[in-house]
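Below is one structure; the comments refer to it alone.
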Amino acid sequence: MNFSEAELAKAKKKARLRRGMFILPSLFTAMNIGAGYFAITQTIEAASSAAQTNGAQMHLDWAAIAILLAIPFDSLDGRIARMTNTASDFGRELDSLADVITFGVAPSLLAFVWGFHFLPDTINPQLRQHLVQAGAFICFLFLMGGASRLARFNISHDPKPRNPGRPDRKYFVGMPIPGAAGLLAATVHFFYGIPVQAWWVAIPWLILVGLAGFLMVSTWRFWSGKEIDLGRSHPFQLLFIIAIVLYVVLRYSGVVLFAIALVYMFSGIWARAAYGWSRRRRRGQRNDSKGLPEGPDPDPLHHS
């Protein structure tokens, strides 16, 4: 079959456009990595400014903002790849490596420097040493939890949470690593990057970092947001809503992002607690109807 020069030129142009579409998701992944790298460098700058708390505050706040900005980059690269039908094994692996850097290494380093590095020498030296050591260990566990969460996500096919939700919705099994990193970064940004200098503040921070690490490796359900369809009709209404949301977030970023992060974290905890309560109530009702004492739960989901 012979093709005309016009047809060949059109086919070559289409092939070039196709190759360009494959690059587009990787550009967002590269911006994700860039934000993580910037956050790490800013945190290091803050740690080297230990004698200048004001300078450290600015660097820590910028590090937190960079991590928060990386979250939409991370969500957009996958959506763009699916919308343009350019998903690839290379893109998935690159995205996972980017998440380890931006949402694993960067927030764990930020959490340690912000929460423990600036504890003053005026407090009990032994208490300070214990807090710094415990902080380093918990921040490392956060990093390991994030890496494990990503590894489990990469090898899982249609995973089911321990507390199943609505069958028409998709859920994350365990808190996604961008959500956990966003929780830590939003907390730092809420306090304007002012480092922790009181032991009674460092202790709840220690608990929060550890809880975020645990939620990532848990099998509890978290909302995924995958049912949101950006390609639906009525684009003007959608753009109007997005504009309002962006204005509120940018105008009151510290309060709004911190509140969103807390609500998302507690939504997973509440969903797990509510499922446990409803299961115990159903078990009690079955035992009452049979006239049997409460025993082990025969529900196989309990052992899954």
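Every number in this text was worked out from the coordinates using simple rules, so none of it is lab data. Remember, predicted model here, so these are calculated numbers, not experimental data. We place every Cβ from the backbone using ideal geometry, glycine too, and count neighbours over all the protein chains shown.
Structure data summary
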| item | result |
| --- | --- |
| Likely footprinting exposure, 130, 59, 157, fewest C-beta neighbours within 10 Å first | 157, 130, 59 |
| Distant-in-sequence amide H partners of residue 163 (H built 1.01 Å from N, under 5 Å) | 221 |
| Shape of the range 96-177, Cα gyration tensor, a/c cut at 1.5 | prolate |
| Label point distance in nm, residue 24-residue 277, each placed 7 Å from Cα along Cα→Cβ | 4.6 nm |
| Whole-Hz ³J(HN,Hα) from phi, Karplus 6.51 cos²θ - 1.76 cosθ + 1.60, for the range 134-150, glycine and proline x | 5, x, 4, 5, 5, 5, 5, 5, 4, 4, 5, x, x, 5, 5, 4, 5 |
| The range 116-158-the range 75-113 distance, computed between alpha-carbon centres (Å) | 21 Å |
| Whole-Hz ³J(HN,Hα) from phi, Karplus 6.51 cos²θ - 1.76 cosθ + 1.60, for the range 68-74, glycine and proline x | 5, 5, 6, 4, x, 4, 5 |
| Exposure proxy ranking, count of Cβ atoms within 10 Å, fewest first, for 116, 38, 140 | 140, 38, 116 |
| Fewest-first sequence of 263, 201, 173, 113 by Cβ atoms within 10 Å of each Cβ | 263, 201, 173, 113 |
| Whole-Hz ³J(HN,Hα) from phi, Karplus 6.51 cos²θ - 1.76 cosθ + 1.60, for the range 175-180, glycine and proline x | 5, x, 4, x, x, 5 |
